[in-house]
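This report concerns only the one structure given below.
The values are calculated or read from the model by the stated rules, or taken from the named source; none is laboratory data. Computed from a prediction, not measured in an experiment: that's the story for all the values here. So basically every Cβ, Gly included, is an ideal-geometry build from the backbone, and we count neighbours across all protein chains shown.
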Amino acid sequence: MEKNKLNGKKIPWWKKTTIYQIYPRSFKDSTGNGIGDLKGIISKLDYIQDLGVETIWFSPFYSSPQGDFGYDISDYLNIAPEYGTMNDFDDLVKNIHNRKMKIVMDLVLNHTSAQHKWFIESKKSRDNPKRNWYVWKDGKKPFGKAPPNNWKSYVTGSGWHYDSHTDQWYWASFLPFQPDLNYRNPDVKENMMEMIRFWLRKGVDGFRLDILGAVYEDPKFRDNPLSWKLIPSDESMDMLFRSSKYTTNYPDNYEFAKDLREVIDEFTDPPRFLLGEVSGSREELRNFCGKDSPDGLNLVFLFESMGAQLTAKNFRKLIKDFEKYFPDPYIPTWVFSNHDIIRRISRFKEQGAIEKAKINTAFQLTVRGVPTIYYGEEIAMRQNFLPLEKSLDAVSFKFKKFPRIIRNLLLKITNYAIHRDGCRTPMQWNRTETAGFSPSRTDTWLPVHPNYKLVNVENSIEDKDSLFYCYQRFLKLRQKTPALNSGNITLLDAKKIPKNILGYTRSAIFNGNEQTVHVYLNFGNKLVSFQIPEPNFHLIISTSISSQPLNGQNITLQPFEGIILGD
Ligand code: GLC
């Protein structure tokens, strides 16, 4: 059970943790077939532990035809053979737990693969016992040859797909080969809850829940109303002038979050947690965690941070907003990169990118909330801007036919979300061929970034001033500092510090002692000096290993330097 007490309260481990996301296909290949696998991951656990993260979340490695690289599951109770076996999985859990780390799996509840045996059955006839496991509807009257209503999927046009054999349409929120399950059928719900228990019994510590806001739609199948929005955003999935009122964040999904929480709360030693991939307004995000009390998902991703420009003003506002909607005992999350979006560092101008990544890191690891780091982010892996023509990501296929100018425009305005290969390329371990990802000279499933001779783990470890060490120093400090991993946050008055500085304190009463640390982050590209608030402050850490920010009564911060002071 949990040992640490803060202000007399037990803090569950997941509130203090730091998460590292692994895209299994791209982390480490142990066989030489160019595809990452579980044995490869096990061989790299020392690296992850040494980095200082505590929890690893894996994008799906269940059996799958890999149409959406694992987000299309054909057997929830098995491991895809290219990634390994159930024994390898058990080994992975054991090896993670032996290191006192935790394992989080990805749960794709909304849809299965069209090759799942349930869907194969479901398609056979209208009276098949599995028919009602998916969402089937007649076409629009009078002829029935038009989709049942105007609902759009997230990535293609209509989310309805016609099956000529049974003359009905099935609903798919994402790609056509990912039919949505029908959770209004109690058998489906029960089956999936039992599947969750299966993994919990195996020792899984938590789940990341894929597109959870899409699980339940309007049971009356009403048309979605008009909207003014052309492209979707963090606040709303409305797009192409259609609202998503009846297809995203339908209120039954909030109840479902509570049902899921009940299941994971059956497992108490250690407690488990749920982290939702949801989008919507802040109120909606909060609803997933429980509107009036925290009895829903433990955490939800707050994707607004991903696109936030690197300025003190933006981050101050984000902290205020997140704290408003997720005050203790809720807790925000902070994420900047993942397998669906352009890597954060590639949004910065190349000149000064490492310094900017360092301040971003210092922020992410010192602000109140659970941070998620995407594999390779810690060594400054860049987006591999691969041409759309050769993409493997099914989301992008329909754009391949567009004229080049439109394709390029789309890539820009959607932040490469229409073509996600570029953020999923193999982890860059060293300077050898395939960046050390595959043991033999081979074609890796996606091309290694051409910069691998410069950007890799080996080089990062040789350079004491690398981004890797910045992550490591902040992660390790956070691990042992209750004020940082579980304290409250107080923003410093922006008027009392220079414009580009973001300042906050984190404090906690831990085992009877008060602990406070003071964070100052310079988001500007100029040196800044200002007066130290208390004469007795001392330096705990800086993003720069060589700077001496304290001098008498003054703090002097280098461009993009971040520091923590103690008193
Ligand atoms: C989520 C995943 C994404 C996947 C989609 C469909 O958004 O992050 O990678 O393609 O859901 O499952």
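Being basic (K, R), assigned to a helix (DSSP H, G or I) and touching a residue at least 12 places away in the same chain (Cβ under 8 Å) is not true of K28. Condition check: part of a loop (DSSP other than H, G, I, E, B) and among the hydrophobic types (A, V, I, L, M, F, W, C). Does V204 satisfy that? Here the answer is yes, as V204 does meet what is asked. The criterion of at least 1 residues that are under 23 Å from F58 (Cβ atoms) and modelled with pLDDT under 95 is met by the following helices (runs of 4 or more DSSP H) wholly inside region 269-331: 304-307. If only residues of region 97-122 that are surrounded by 22 or more Cβ atoms within 10 Å (Cβ to Cβ) and either hydroxyl-bearing (S, T, Y) or over 23 Å from F69 (Cα atoms) (or both) are counted, the one that is farthest from the ligand (Cβ to nearest atom) is K102.
Applying the criterion of being outside any loop (DSSP other than H, G, I, E, B) and more than 16 Å from the ligand (Cβ to nearest atom) to the residues of region 391-409, the residue that is surrounded by the most Cβ atoms within 10 Å (Cβ to Cβ) is R407. Go through the residues of region 73-82 one by one and say whether even a single one is part of a strand (DSSP E or B), within 27 Å of N110 (Cα to Cα), in contact with a Leu (Cβ under 9 Å, 6 or more places away or on another chain) and at pLDDT 95 or above. Yes - at least one qualifying residue is present in region 73-82. Checking every residue in region 412-421 against the condition of being closer than 21 Å to I22 by Cβ, hydrophobic (A, V, I, L, M, F, W, C), within 16 Å of the ligand (Cβ to nearest atom) and touching a Phe, Trp or Tyr at 6+ places or on another chain (Cβ under 8 Å) gives zero matches. Scanning region 218-242 for residues that are under 30 Å from P186 (Cβ atoms) and touching a strand residue (DSSP E or B) at 6+ places or on another chain (Cβ under 7 Å), we see that the one that is surrounded by the fewest Cβ atoms within 10 Å (Cβ to Cβ) is F221. I need a count of the residues in region 539-567 that are without any contact (Cβ under 8 Å) to a residue 60 or more places away in the chain and either farther than 17 Å from F474 by Cβ or hydroxyl-bearing (S, T, Y) (or both). Here the count works out to 11.
So that you can scan it fast, the table gives a plain yes or no per residue for (1) assigned by TED's automatic domain parsing to the domain that holds Y23; (2) of a type in the set (V, I, T):
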{"residue": "K117", "(1), (2)": "no, no"}
{"residue": "E121", "(1), (2)": "no, no"}
{"residue": "T156", "(1), (2)": "no, yes"}
{"residue": "H161", "(1), (2)": "no, no"}
{"residue": "S164", "(1), (2)": "no, no"}
{"residue": "W171", "(1), (2)": "no, no"}
{"residue": "L175", "(1), (2)": "no, no"}
{"residue": "E190", "(1), (2)": "yes, no"}
{"residue": "M195", "(1), (2)": "yes, no"}
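Taking the numbered list (1) assigned to a helix (DSSP H, G or I); (2) touching a residue at least 60 places away in the same chain (Cβ under 8 Å); (3) more than 22 Å from S113 (Cβ to Cβ) in turn, R261 passes all entries but (2). If you go through region 208-227 one residue at a time, do you hit one that is part of a helix (DSSP H, G or I) and without any contact (Cβ under 8 Å) to a residue 40 or more places away in the chain? No, region 208-227 contains no residue that is part of a helix (DSSP H, G or I) and without any contact (Cβ under 8 Å) to a residue 40 or more places away in the chain. Only a single item in (1) more than 23 Å from the chain's Cα centre (by Cα); (2) surrounded by 19 or more Cβ atoms within 10 Å (Cβ to Cβ); (3) not β-branched (V, I, T) is not met by N87, and it is number (2).
Would it be correct to say that K412 is in the same structural domain as V448 (by TED's automatic domain parsing), closer than 28 Å to A312 by Cβ and part of a loop (DSSP other than H, G, I, E, B)? So K412 does not fit the description; no. Of everything in region 391-423 that is under 21 Å from D72 (Cα atoms) and among the charged types (D, E, K, R), the residue that is nearest to the chain's Cα centre (by Cα) is R420.
In region 391-406, the residues that are closer than 17 Å to G70 by Cα reach residues that are within 16 Å of the ligand (Cβ to nearest atom) and assigned to a helix (DSSP H, G or I) with C-beta atoms within less than 6 angstrom, at least six apart or across chains, in these pairs: S391/D421; L392/D421; D393/D421.
Scan region 134-169 for residues that are free of Cβ contacts under 8 Å to residues at least 60 places away in the same chain and more than 16 Å from the ligand (Cβ to nearest atom) and report the count.
22
Criterion applied to D72, D91, D50 was being of a type in the set (D, E) and within 16 Å of the ligand (Cβ to nearest atom), and the one residue passing it is D72.
Look at region 339-363: where a residue is assigned by TED's automatic domain parsing to the domain that holds Y520, no partner that is within 16 Å of the ligand (Cβ to nearest atom) and of a type in the set (K, R) sits 6+ places away or on another chain with Cβ atoms under 8 Å.
Scanning region 48-66 for residues that are in a helix (DSSP H, G or I) and within 20 Å of N338 (Cβ to Cβ) yields I48, L51.
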